[in-house]
């Protein structure tokens, strides 16, 4: 059977991205033909500025080589303009008269530079700034001529001016507004930017209206004259006063246009066989000129072209970054503020740093950063997530701070890092390697960088830094997705919250059921989504859902930690860090009997037996069980340990019985499955020898009771626990701790530690659920106790023969 | 080429899971991982081309397995690593007849 024909007009970033997305999900659905007016394959238009500045070559910015089209069986016509769409016969006509029939048509005609309607705007030497041809022309002009005038002090204009200056021209930027980048910056930041560009030798004429371009004797442009009579010499005039969606072709075919080709949320035009994406489109009255929204559109269009029919494009919040090497500037959302908004401002004119955050009803709605944009990505995430920032307010301006997104050596300013600096300490990836991969392979997302370089793919602590490097390399093209919407993995469009909600509201109790209801794209998921789904099932339906051991990571499947040589480690539980001579004897016996090469005391106050063969595990567990010991769950996304100090039972400073409190907590939480590992500590006095300040739940005894701290972390993201509440009795410690952990179990995303969860929802929210809502707290406590009522020692189950296949080797 | 050897029954391998087959070859002992996907059985040398991780302990999804040590993914049909990683684990032919699994060594 013949395949339907998809024809695409326009061979730029938005269009080709749509085709790429389409090939990913429905590789054989269409015979694809692409027409491009330019004589090049798809290239990264955003990087034309570095080409102009001499920092990159045209070859380096090609995204899809001709080979790519060939390999995917795409019929490519470059340098061929389409002049007519015949919607009745369903074919397109190219300028050479050739025709191409279509079943589906995709319009990605991009935009044109806006040429000021002044006399002389068609003179030789007057150009827009849009494509490789324009860039080449500017580079040529810089060799022969001296005076350049750039009309327009927006992003593109400044990047052009910077490039021409670097190429040796004398450059004047003419701008109608009162300050530069008035669509991205407020006046203070705009003036700071102007000053640093002036320091580089650029000249500016603000609030100037161009009246005419004057022809010289050679026939080429020679000067620019303004309305106030002033005239300046110009051998090259670059129009960078904005772009206009290119919809003339669509309009001539009778497709409804209104300052762009009008599309609905599925990127469909008024002709249902015709889709449109990119800068030529008007969606809900907005034509986007930045690449990130266009990629979102591409994804949606591809989904509908593939016949899946899910996914809507509902518009984008955009952020901006200027790609002028050495100038750091970021802006997003409503950066001007005004009625009903509040502003937090830091202005260090001498130091060249300016930060303004605009807040409305306790939410970040916009901001401008100049000079120090390290936290741009974080602010943008807060903005897109619409997170309540009340609890962050006092330190919001100082950024995400802490060790969080600090990379290996505490680095947190991507732009200032040397190429040789290590970004990912786990996999030894340098900044240079990442930048090279981003440029050469045309990477746009954190996931792509992870795949290609391995940076941020192990512990993930450098993910924020990698995002910054992405942002500083590709500028506005980088936009993180809002956390709530971020797909769980490549198998689905749905984010964690959506999946949890569906499981809860639809009563889904098995992984296949959830995958079918939520239209998973893969037959049985992947190593990322299956463990997450398994956790969501069990935590939502503790007694109805059945554990799927094949969706557990090996450590949880065999209740021991896999080591680099394929052997395992065994950690018996020591409640509250307490043990007995009999237990120690049993551990010593087991270590000798099974030739354990290494015996180590862990940070969680127990003993680790390392180097055990998988076949020996059940036998060893049987021996330990016989001595009264159970699994320490040192391998699981589950309760690990409750660390304690000796407390008032022995210590002369102790104010509370921390050991017995710790044992009670650990018994209550035994076998608790969670989004990630959970560690607790109980200290008997504020000297805090049990290090409760860096635990998921830290309890500190004081004379009048206990203080409870939550969401601390001593690992990847060193995070000090935050004060939740002060209570009087042991019973209250159990209730509040359990309620907090149950809240985390119900709302946390799989693999989020409590610190990530609380950072996402805010401590105020946690307090409102745990401290202020007594009934809700008791209900949470009740649900935790209920879900653990059948807790069993997993070792004993395996000793009794459960899934014993797992531990037996076949011979052949 | 040596003969087909009977290994186990299909039911001995958990669905979306695997088992280890120990085999003597050239005087040494090697471990082979046999995988069961939704409907097929595959066998690979139980050694990830990256750092030698035991593939038998990985999560099986689609026709791939993810190594438990550092998350490399391998195609079960060919033993090749999923791009951008590069490497290969030796593949062994497998057949299932009347619910009995055979490997050709």
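When A:324, A:599 are sorted by how many other C-beta atoms sit within 10 angstrom of their C-beta, beginning with the fewest, the order is A:599, A:324.
Provide a whole-number value for the mean count of partner chain Cβ atoms within 10 Å of the Cβ atoms in peptide A:515-526. All intermediate terms of the calculation are to be shown ahead of the outcome.
Working: counts 0, 0, 0, 0, 0, 0, 0, 3, 6, 8, 4, 6.
The per-residue average across the peptide is 2.
Distance from the alpha carbon centroid of region A:229-269 to that of region B:1-20 works out to 64 angstrom.
Calculated from DSSP H runs of 4 or more alone, at -39500 (n - 2.57) each and per residue, what is the 222 nm mean residue ellipticity of chain A, nearest 500? Present the calculation step by step, with values, prior to reporting the outcome.
On the way: 24 runs with 246 residues, N = 812.
Result for chain A, helices only: -9000 deg cm²/dmol.
If you restrict to DSSP beta bridges whose two residues both lie in region A:124-248, what percentage is antiparallel, to the nearest 5? Once the DSSP bridges in region A:124-248 are tallied, antiparallel ones form about 35 percent. Relative to the longest principal axis of the Cα atoms of chain A, the long axis of helix A:529-540 lies at roughly 50 degrees.
Report note on the peptides A:707-713, A:113-119: ranked by the mean count of other C-beta atoms within 10 Å, highest first, their order is A:707-713, A:113-119. Its Cα gyration tensor gives region A:724-812 an equivalent ellipsoid, and the semi-axes of that ellipsoid, as √(5λ) in whole Å with the largest first, are 36, 17, 10.
Ignore the peptide's own chain and count Cβ atoms of other chains within 10 Å of each Cβ in A:802-812; give me the average, rounded.
Values: counts 0, 2, 0, 7, 7, 1, 3, 6, 14, 8, 14.
Averaged over the peptide's residues, the number is 6.
Here the protein assembly as shown carries DSSP beta bridges of which approximately 70% are antiparallel, counting only pairs with both residues inside.
The long axis of helix A:132-144 is offset from the longest Cα principal axis of chain A by roughly 60 degrees. Only beta bridges with both residues in region A:611-735 are counted; by DSSP, about 60 percent of them are antiparallel. From the square roots a ≥ b ≥ c of the eigenvalues of the alpha-carbon gyration tensor of chain B, which class results: rounded (a/c under 1.5), prolate (a/b over b/c), or oblate? Oblate, since a/c reaches 1.5 and b/c is not below a/b.
Between region A:417-479 and region A:589-667, the alpha-carbon centres lie 39 Å apart. Using Cα pairs closer than 8 Å and at least 6 residues apart in sequence, work out the relative contact order for region A:702-812, in percent. Averaging sequence separation for qualifying contacts and normalising by length gives 22 percent for region A:702-812. Each of A:156, B:10 was scored by other Cβ atoms within 10 Å of its Cβ. Listed from fewest to most, they are B:10, A:156. Going by neighbour counts of Cβ atoms within 10 Å, the residues A:744, A:308, A:69, A:129 line up, fewest first, as A:308, A:69, A:129, A:744. Measuring nothing but how far apart in sequence close Cα pairs (under 8 Å, 6+ apart) lie, relative to its length, chain B scores a relative contact order of 28 percent. Across all directions, the shadow cast by the convex hull of the protein assembly as shown built on its C-alpha atoms averages 44.5 square nanometres.
Using alpha carbons only, how many degrees (0 to 90, rounded to 10) separate the axis of helix A:13-25 from the longest principal axis of chain A? The angle comes out near 40 degrees. Shielding value for A:565-572 is 2, the average number of Cβ atoms from other chains within 10 Å of each residue's Cβ.
How high is the relative contact order of chain A, in percent, with contacts defined as C-alpha pairs under 8 Å that are six or more residues apart? Across chain A, relative contact order equals 7 percent. Region B:42-105 and region A:2-60 have Cα centres spaced 35 Å apart.
Under the shape rule built on the C-alpha gyration tensor, where the axes satisfy a ≥ b ≥ c, region A:655-791 is rounded, since a/c falls short of 1.5.
Quick note: the coordinates plus some simple rules give every number you see, no bench work behind them. All values reported here derive from a predicted model rather than from experimental measurement. A quick note on method: Cβ atoms are made from the backbone with ideal geometry, for glycine too, and the neighbour counts reach across all protein chains shown.
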